[in-house]
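The values are calculated or read from the model by the stated rules, or taken from the named source; none is laboratory data. Here the structure is a predicted model, which means the values were calculated and not measured. Neighbour counts run over all protein chains shown; Cβ positions are idealised from the backbone, glycine included.
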Amino acid sequence: MTDIAIANLSRRRFLQGSAGLTLGFVLPTAIAANAGPGKAGEGLAAPVTFEPNAFLRIGTDNTVTVLSKHLEMGQGTYTGLATLVAEELDADWKTVRVEGAPADAKRYNNLFWGPAQGTGGSTAMANSWEQMRKAGAAARAMLVSAAAQQWKVPAGEIVVHDSVVSHPASKHRATFGQLAKAAAGEPVPAEVNLKDPKDFRLIGKKANRRDSADKTNGKAQFTQDVLLPGMLVAVVAHPPRFGATVKSFDAVRAKGVKGVVEVVQIPQGVAVLATDTWAAKKGRDALAVTWDDSKAFKLGSAEILDRYRELAKTPGQVAHSAGDADAAFAKAAKVVRASYDFPYLAHAAMEPMNCVIRLSADGCEVWNGEQMHTGDQYALAGLFGLKPEQVTIHTLYAGGSFGRRASKDADYVLEAAHIVKAINGKISGNPAVKLVWLREDDMRAGYYRPLFHHALEAAIDADGKLVGWRHRLVGQSILIGSPFEKMLVKDGIDGVSVEGAANLPYAIPNLKVDLHTPTDIGVPVLWWRSVGSSHTAFSTEAFLDQVAAAMGKDPVALRLELLAAHPRHAGVLKLAAEKAGWGTPLKPGKAGERRGRGVAVHESFHSYVAQVAEVTVAKDGSVRVDRIVAAVDCGVAINPDNVRAQVEGGVGFALSAVLYGEITLKDGQVEQDNFGNYPLLRINEMPRVEVHIVPSAAPPSGIGEPGVPPVAPAIANAILAATGKALTRLPLRTVELTA
Amino acid sequence: MLPSSLWDRFAPPAVRILLPNRIPIPMESPMIPLNINGKPYQADVAPDTPLLWVLRDTLHLTGTKYGCGQALCGACTVHVDGVPTRACSVPASSVAGRKVTTIEAVDQQRIGKAVQEAWRKLDVVQCGYCQSGQIMSAVALLATNRRPTDADIDSAMAGNLCRCATYQRIRAAIHEAAKTLA
């Protein structure tokens with residue numbers, strides 16, 4: 001492939017230091033060509049000429065290629081980042097395509113994560129908001145400058161629209177593609193002006209997803225789809241308990257399966273390598289492995305919960321305190337108490353975890369739905385004895401993640417790497433290896449949303465005012481023991497254990513939030529879409545409705561009373577209540593059905609979401625969620641349709657956890673293995689979801705996760721309104737709700 | 001909820017007929033003649049190899065996805081003689097001589113094209129991993145029911161899981177496709 005990428009390094013330094021825009025070196029085109037979805041081993045379709053910075057290229061065929069430093073896992077990031085670039089570039093949206101950027105923290109770090117590249121915490125748009133627009137604006141300025149010189153007209157008179165540069169007075173006109181070569185010779189501007197938001201043509205409008213075409217014709221490339229010459233597929237026998245190891249194994253039968261090439265022991269178990277997935281699976285099933293359980297974790301969920309309930313009787317580490325909560329309770333006229341239990345939850349992305357690795361003399365190449373570029377790069381470098389820059393990562397589409405691919409310790413990536421290391425030099429040609437977790441491997445692998453127990457108390461004084469709030473949480477830390485501990489754990493408090501609880505927005509004068517962090521539970525835990533808020537929003541918002549009932553107050557009115565100092569919370573709450581017809585009577589259900597409406601509001605990832613749920617509870621206690629009305633304030637809605645899509649999807653994701661989601665352990669063994677015993681929401685259970693967006697000029701904040709937290713408490717509050725019964729554990733038990 | 005009850009609730013009747021345990025698997029079958037997207041193939045695979053893995057690993061048609069291996073999620077849905085079928089639970093040998101259509105060729109049919117276009121117009125996809133299967137199920141529905149109601153859609157599509165929960169848009173896109181086909 002011919003590559004006439006510019007060699008003038010100065011353009012790669014443009015804006016350096018002036019605007020937080022970090023630009024690296026010329027991206028070797030061979031790597032770039034391999035980097036994007038659909039590009040495993042293929043060349044680029046468009047010739048590259050103009051590559052003004054690390055984030056975009058313009059081909060002579062007029063194609064604008066945006067390099068996404070973030071993973072596309074469904075949340076719409078490729079489209080969002082491209083929108084920002086194309087807006088300032090004034091590109092024709094139809095000509096814009098997106099590729100995953102390689103792992104290179106120097107150029108592609110998450111600006112909110114310091115020196116690390118990765119995707120998470122609903123930060124993709126927020127951290128890139130200026131960076132991507134500046135990348136587009138700089139390229140536009142260079143195109144304009146090239147045209148001004150060619151036409152000998154003042155740059156200020158040049159107009160750019162839909163990838164066409166023109167000078168109306170002289171009737172000169174050229175496409176981006178025609179100007180690309182000349183623009184490549186232009187100096188990179190030190191400063192660029194960004195558009196006035198009133199001139200936006202893409203931001204805040206409908207810009208169709210860039211990945212819709214390839215995701216509807218089978219062309220989109222996921223890790224599972226990578227096929228490399230000579231590649232072997234590995235399926236691994238994992239121990240039945242966390243912490244168990246291989247004592248011995250017999251591979252004779254496995255090696256007898258047609259297609260099986262090799263069987264190797266790795267720290268994670270025993271890997272069977274075969275020429276295809278089915279042979280690898282049959283080989284794995286034919287293995288006889290004896291496990292050493294002496295260091296394995298052997299408790300069940302019930303015993304873990306019993307321990308947590310005992311711990312909750314004693315004071316924990318204080319995460320937040322205001323006023324004098326204990327004194328307020330001592331003087332209280334009325335005290336309301338409740339406790340809540342939350343199970344382990346699996347992410348259960350539709351694409352089970354997998355990873356492809358090829359080791360060569362110069363380094364290693366990785367194909368992965370890569371969410372933790374820098375962490376995985378360093379972990380692999382460490383294992384193989386390479387420099388991080390010798391680890392090339394091709395970021396493919398991820399078939400969902402919900403946090404799972406943002407592994408804090410590179411778990412499944414290292415598993416693939418250990419297999420590659422174990423066969424290194426043993427098989428001629430040193431083939432690439434695709435680690436495939438079958439659904440059962442994925443579901444039993446841990447890295448769950450941690451099991452939590454919460455205990456809450458509210459103090460109401462003689463005047464009927466809510467004067468005290470005590471909230472105690474018990475659950476494993478995600479961050480302690482991880483590479484993020486130093487950065488994010490303060491005084492032993494894992495911030496993500498108490499997020500949404502320690503920053504309760506309500507004006508309650510006396511408040512105490514404390515935390516127990518058990519360290520002797522051997523179940524690996526991880527962030528699960530909305531992280532701490534996946535349980536704290538439930539306990540705080542469901543409890544507040546119990547408090548409102550005790551105070552004889554309307555749930556919306558009480559919240560608004562307590563949110564005077566939080567206008568963005570109040571704004572979404574009012575909007576959701578209004579659109580849902582809060583206060584108007586609900587249409588009654590059929591005979592024996594009980595109907596109710598419930599509300600919840602929660603801030604996560606700097607976005608504010610309120611939801612009103614309408615539910616019908618049947619005689620047998622089964623719950624149907626009929627409608628969810630959501631109001632969202634996420635700052636500037638870069639792509640309003642995607643904001644709606646993320647909230648719609650967030651509702652369905654959260655509803656799975658309300659109705660079914662539960663990973664349980666018995667004697668240390670995970671009891672669920674597939675969608676039969678870990679059911680997910682199906683289309684017939686999906687409520688009607690309406691999403692209303694609060695107009696805002698604030699910088700964009702997250703939207704991938706914030707739709708999730710209010711769902712469960714809004715439903716619990718609707719069930720409380722319908723039945724008088726308060727949910728105190730998830731998933732809901734229909735037996736507790738029978739008429 | 002048990003897998004068997006789920007299966008009874010959600011598997012289209014035609015898929016149940018193709019369940020591996022109801023199909024005698026030939027013990028010896030050196031070459032399996034297959035007809036995939038109108039092209040003939042001779043697959044040299046073990047006769048118990050599910051159609052899914054022949055499509056993906058042997059024929060490199062990777063648009064059909066692996067999600068569960070137990071016909072619980074529908075990510076592997078293809079058409080066998082026009083009937084939506086979970087390729088993970090059908091031995092390749094059982095579809096010998098029958099016409100198999102995958103996502104890669106769905107745009108060659110009028111209904112398939114309409115469904116694809118509706119999906120794109122409404123931006124149904126998020127992660128996209130389940131969408132090949134969703135589209136194959138939707139096309140099969142519209143082939144037999146040109147004006148499906150929400151209830152028809154729910155019953156035809158309930159075997160296809162979407163963890164991103166794009167269900168509301170799937171419903172809307174099927175209605176949209178029905179409109180353009182009318």
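In table form, for the structure just shown:
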| item | result |
| --- | --- |
| Single unsatisfied condition, A:R210 versus (1) in the same structural domain as A:L89 (by TED's automatic domain parsing); (2) crowded, with 18+ Cβ neighbours inside 10 Å | (1) |
| Any pair with Cβ under 6 angstrom, 6 or more apart, that starts in segment A:170-193 at a residue that is closer than 18 Å to A:A135 by Cα and ends at one that is in a loop (DSSP other than H, G, I, E, B) and not hydroxyl-bearing (S, T, Y) | A:F176/A:N62; A:G177/A:D61; A:G177/A:N62; A:A184/A:I6; A:V188/A:F14 |
| Enumeration of residues in segment A:701-730 that are under 19 Å from B:Q126 (Cβ atoms) and surrounded by 24 or more Cβ atoms within 10 Å (Cβ to Cβ) | A:I703, A:G704, A:E705, A:P706, A:G707, A:V708, A:P709, A:V711 |
| Members of segment A:90-106 found to be within 14 Å of chain B (Cβ to nearest Cβ), part of a helix (DSSP H, G or I) and farther than 18 Å from A:P640 by Cα, listed by number | A:K94 |
| Flag if A:A271 is among the small types (G, A, S) and over 30 Å from A:L227 (Cβ atoms) | no |
| Condition met for A:S539 (within 23 Å of A:D491 (Cβ to Cβ) and part of a helix (DSSP H, G or I)) | yes |
| Checking A:G218 against (1) buried (at least 17 other Cβ atoms within 10 Å of the Cβ); (2) in contact (Cβ under 8 Å) with a residue 60 or more places away in the chain, the condition it does not meet | (2) |
| Complete set of residues in segment A:55-89 that are surrounded by fewer than 24 Cβ atoms within 10 Å (Cβ to Cβ) and in a loop (DSSP other than H, G, I, E, B) | A:T60, A:D61, A:N62, A:T63 |
| Subset of segment A:390-415 that is assigned to a strand (DSSP E or B) and buried (at least 24 other Cβ atoms within 10 Å of the Cβ) - its residue that is farthest from the chain's Cα centre (by Cα) | A:V391 |
| Number of the condition not met by A:M125 [criteria: (1) assigned to a helix (DSSP H, G or I); (2) surrounded by fewer than 23 Cβ atoms within 10 Å (Cβ to Cβ); (3) not hydroxyl-bearing (S, T, Y)] | (2) |
| Test: residue in segment A:454-462 that is at pLDDT 95 or above, crowded, with 24+ Cβ neighbours inside 10 Å and closer than 16 Å to A:W527 by Cα | no |
| Verdict on B:V83 being within 21 Å of B:L181 (Cα to Cα) and more than 12 Å from chain A (Cβ to nearest Cβ) | yes |
| Which listed residue is closer than 30 Å to A:F297 by Cα, assigned by TED's automatic domain parsing to the domain that holds A:K465 and buried (at least 19 other Cβ atoms within 10 Å of the Cβ), from A:T519, A:T536 | A:T536 |
| Residues satisfying the stated conditions in segment B:125-174, i.e. farther than 24 Å from B:D81 by Cβ, free of Cβ contacts under 8 Å to residues at least 12 places away in the same chain and more than 10 Å from chain A (Cβ to nearest Cβ) | B:T149 |
| Residue within segment A:680-696 that is assigned to a helix (DSSP H, G or I), modelled with pLDDT of 95 or more and surrounded by fewer than 19 Cβ atoms within 10 Å (Cβ to Cβ) present | yes |
| Check on B:T85, surrounded by 24 or more Cβ atoms within 10 Å (Cβ to Cβ), in contact with a Pro (Cβ under 6 Å, 6 or more places away or on another chain) and not aliphatic (A, V, I, L, M) | no |
| Neighbours by Cβ (under 9 Å, 6+ apart or cross-chain): first from segment A:140-158, closer than 17 Å to A:R57 by Cα; second part of a helix (DSSP H, G or I) and among the basic types (K, R) | A:M142/A:R11; A:A146/A:K181 |
| Wholly enclosed strands (runs of 3 or more DSSP E) of segment A:214-267 bearing at least 1 residues in contact with a helix residue (DSSP H, G or I) (Cβ under 6 Å, 6 or more places away or on another chain) | A:232-237, A:260-266 |
| Which numbered condition B:K121 fails, given (1) at the interface with another protein chain (Cβ under 9 Å from one of its Cβ atoms); (2) among the basic types (K, R); (3) in contact with a strand residue (DSSP E or B) (Cβ under 7 Å, 6 or more places away or on another chain) | (3) |
| Pairs where the first residue, in segment A:708-720, is over 12 Å from A:L730 (Cα atoms) and the second is of a type in the set (D, E), C-beta under 6 Å, 6+ apart | A:N717/A:D545; A:L720/A:D545 |
| Qualifying residue in segment B:38-54 (condition: within 12 Å of chain A (Cβ to nearest Cβ), closer than 30 Å to A:Q672 by Cβ, surrounded by 19 or more Cβ atoms within 10 Å (Cβ to Cβ) and polar (S, T, N, Q)) | yes |
| Matching residues, segment A:604-617, being surrounded by fewer than 24 Cβ atoms within 10 Å (Cβ to Cβ) and more than 16 Å from A:L727 (Cβ to Cβ) | A:F605, A:H606 |
| Checking B:L34 against (1) in contact with an Asp or Glu (Cβ under 9 Å, 6 or more places away or on another chain); (2) more than 9 Å from chain A (Cβ to nearest Cβ); (3) crowded, with 24+ Cβ neighbours inside 10 Å, the condition it does not meet | (1) |
| The lone exception for A:V513 - which of (1) surrounded by fewer than 19 Cβ atoms within 10 Å (Cβ to Cβ); (2) touching a helix residue (DSSP H, G or I) at 6+ places or on another chain (Cβ under 8 Å) it fails | (1) |
| Sole residue being more than 24 Å from A:A445 (Cβ to Cβ), touching a Ser or Thr at 6+ places or on another chain (Cβ under 8 Å) and aliphatic (A, V, I, L, M), chosen from A:A726, A:A716, A:A722, A:A698 | A:A722 |
| Condition check for A:F200: modelled with pLDDT of 95 or more and either of a type in the set (V, I, T) or within 30 Å of B:G128 (Cα to Cα) (or both) | yes |
| Boolean, A:D250 is over 30 Å from A:S294 (Cα atoms), at pLDDT 95 or above and among the charged types (D, E, K, R) | no |
| Sole exception among (1) facing another protein chain (nearest Cβ under 8 Å); (2) under 17 Å from the mean Cα position of the chain (by Cα) for B:I111, by number | (1) |
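Residues checked against (1) of a type in the set (A, V, I, L, M); (2) touching a strand residue (DSSP E or B) at 6+ places or on another chain (Cβ under 8 Å); (3) within 13 Å of chain B (Cβ to nearest Cβ); (4) exposed (fewer than 15 other Cβ atoms within 10 Å of the Cβ):
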position: A:A183; (1), (2), (3), (4): yes, yes, no, no
position: A:N193; (1), (2), (3), (4): no, no, no, yes
position: A:K198; (1), (2), (3), (4): no, no, no, yes
position: A:D250; (1), (2), (3), (4): no, yes, no, yes
position: A:A254; (1), (2), (3), (4): yes, yes, no, no
